[in-house]
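A short write-up of the structure that comes next.
Bear in mind that the values in this text are calculations on the coordinates, not laboratory data. Owing to the predicted nature of the structure, the values given are computational and were not obtained by experimental measurement. Cβ sites come from the backbone with ideal geometry, for glycine too, and all protein chains shown count toward neighbours.
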Amino acid sequence: MLNSLITTKRAAVIMPLVFILFSGADIVGRAITHFQVGLIYHIEWWAGWIEYASNMTSLFWVPQHAIAVWLGAAILLLQAKRPTLLPYLALAFSAICLWSPFAAIGLAPFALVLAWRNGIKEIVFDWRPVVALVLIALPTMLYLTNSAGQIPHGFIGTPANRCVWSESAGAPCFSWPSYFLFVVVEFAVLGIILLFAKRDGRAMLIVALSSLMLIPLYKAGAYNDFGMRVSMAGLAVLAILAGELIVTGPRLAAAAMIVALALGLPTSMGEVARVFTDVPGVDVNSSLEKSLNDHPEVLPQYFARLPISVLRTSKEAPLARAQN
């Protein structure tokens, strides 16, 4: 799908390479805050209260979110150039919701741009969108919102939400200076280069940058999953536009983009290196039940109480909860 955006021999190599290695300059943030949590080389939690994952990290850790976001972003950018499948966008979004509601939330502003440009009649009021919403999206959302009120959420600046990791362990918490530092390190430099150099795709670029600036202000989930996963849509669009710029843009802008992206290479390469240097052992007695007992804060986030109206369940079912 990336190759269908720009059909040149150079693009066939450069676009996928830029996309899969795309990352913010986490090594710079890590050097400033000196904070790290998780496995060796995993430096993306340098801000302490939020993480914007590199594409390589997303592929390693959360492929169900990543693949849904990437396919959706590529579809939307293709439709922005050649709007031939607008009546089927609702079907695509319904399928994306089934895999990752966070992905659908992140992609929604880009779909609104398409609707604004092409009219909402084909996207919303055609029979195909209505059928997709009724048969797929509505049952999915009823399922995903079951017991969702137990999940911690709210404005990042409130005392209950400003921290993710323990302050006693030296973890940074949200502050306005840390917010602006996060924006600069993760995507602002890349966005400025694109704003000055690219003439096409500016609407999608502005939506991506705006969403990436707003997402950190809201927290949902024990580990701020909202920030980590909803941001993947805007980052995917930036990655695609960055690849296009390197292939087709002015040489100076392309060179500046390559330098900026090079600062993100330690993040992506660290994910790969860890596979060969720090393979974790797995306890043969490990189980889902033990994991949930060790981390009770994730129970309401990933599991919903039975019964769920849209699921058919057995009266003899031994589980008190269904995986959400």
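A few notes on this one:
- Per DSSP, loop trypsin sites (Lys or Arg not before Pro) in region 182-289 with at most 12 further Cβ within 10 Å: 199
- Distance from the Cα centroid of region 11-25 to that of region 142-220 is 22 Å (rounded to whole angstrom).
- Taking all pairs of distinct alpha-carbon atoms in region 1-97, Kirkwood radius in angstrom: 15.6
- Here the relative contact order of the chain, from alpha carbon pairs under 8 Å that lie six or more residues apart, stands at 28 percent.
- Approximating the spin labels as points 7 Å out from Cα along Cα→Cβ, the residue 286-to-residue 116 distance works out to 4.5 nm.
- Oblate is the label for the chain, because a/c, from the alpha-carbon gyration tensor with a ≥ b ≥ c as root eigenvalues, is 1.5 or above and a/b does not exceed b/c.
- Gaussian network model of the chain, Cα within-10 Å springs - most flexible of 48, 270, 234: 270
- Only helices enter the 222 nm calculation for the chain: every DSSP H run of n ≥ 4 contributes -39,500 (n - 2.57), and dividing by all residues gives -17000 deg cm²/dmol, rounded to 500.
- The simple spin-label model puts a point 7 Å past each Cα toward its Cβ; for residue 3 and residue 202 those points are separated by 3.2 nm.
- Cα gyration tensor, region 131-272 - rounded (a/c under 1.5), prolate or oblate: oblate
- Label-point separation, residue 158 to residue 85 (7 Å along Cα→Cβ), nm: 4.0
- GNM on the chain, alpha-carbon springs under 10 angstrom: the most fluctuating residue among 103, 208, 31 is 31.
- Proximal aspartates and glutamates to residue 198, defined as alpha-carbon separation beneath 15 angstrom and excluding residues fewer than eight positions away on the same chain: 244
- Amide H contacts of residue 303 (H built 1.01 Å from N, under 5 Å, at least 5 apart or other chain): 324
- Largest mean-square fluctuation among 157, 191, 29, in a Gaussian network model of the chain whose springs join Cα atoms under 10 Å apart, belongs to 157.
- Overall form of region 96-160 per C-alpha gyration tensor (a/c, 1.5; a/b vs b/c): oblate
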